[in-house]
Each structure stands twice: as C-alpha cells, then as structure tokens.
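Working notes, structure below.
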C-alpha cells in the first residue's frame, strides 16, 4: 500500500472517528494533544500499515491511541491508550 493510499484511507476513517467523538458516548479521558491511529473493521492491508505507524508514533514523546472502527454504526469505537 502506498503512503497516499494509506493517508486517503486514514482520512476517511478519521472523519468517522471524529463524528463518533463529537456525538458518542463512553469516550475515555484523553490527553488534549492525543494522536489517533485508526484501524478498519474490514481493511487488513490498511491495518497492517497502521500497525507499523502506531509502533513508530508510540516511541515519540506524544500521547497516541489506537482507534478500532466498530463492526457497525450501533457499536462504539474501541479507543486504546498506547503510551499515556
């Protein structure tokens, strides 16, 4: 997967995550400057690329969280703190 493809797919997933965070319930306490790495419920190639991205970002001095897309719109995103 190219960086452009990964970026485009991450932007689309991030839009869904933002809508959830704005309107969702059951959102954990998060640091103000947290970065999210989104994981798809269907795209395994994106998830593999994002797992590598998550590993790199987790070594930086900034809070990072994994955001797992739910299987359907009725479920919550699973947000997992990585380095905070």
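State all residues of the range 35-65 that are closer than 10 Å to residue 83 by Cα and not in a helix (DSSP H, G or I); if no residue qualifies, say none. Reasoning before the result, please.
Kept after step one, since they are closer than 10 Å to residue 83 by Cα, are these residues of the range 35-65: 57-65.
Across the range 35-65, the qualifying residues are 59, 60, 61, 62, 63, 64, 65.
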What about residue 28, is it exposed (fewer than 14 other Cβ atoms within 10 Å of the Cβ) and more than 12 Å from the chain's Cα centre (by Cα)? yes
Name, by its number, the condition in (1) more than 13 Å from the chain's Cα centre (by Cα); (2) at pLDDT below 95; (3) surrounded by 12 or more Cβ atoms within 10 Å (Cβ to Cβ) that does not hold for residue 59. (3)
List every residue pair whose Cβ atoms sit under 8 Å apart, with the two residues 6 or more apart in sequence or on different chains, where the first one lies in the range 59-70 and is touching a residue at least 40 places away in the same chain (Cβ under 8 Å) and at negative phi and the second, anywhere, is crowded, with 18+ Cβ neighbours inside 10 Å and in a loop (DSSP other than H, G, I, E, B). 67/77; 69/77
Among (1) in contact (Cβ under 8 Å) with a residue 40 or more places away in the chain; (2) in a helix (DSSP H, G or I); (3) surrounded by fewer than 12 Cβ atoms within 10 Å (Cβ to Cβ) - the single one residue 22 does not satisfy: (1)
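The values are calculated or read from the model by the stated rules, or taken from the named source; none is laboratory data. It should be emphasised that the depicted structure is a prediction, and the values quoted were computed from it without experimental measurement. Please note: Cβ atoms are built from the backbone with ideal geometry, for glycine as well, and neighbour counts cover all protein chains shown.
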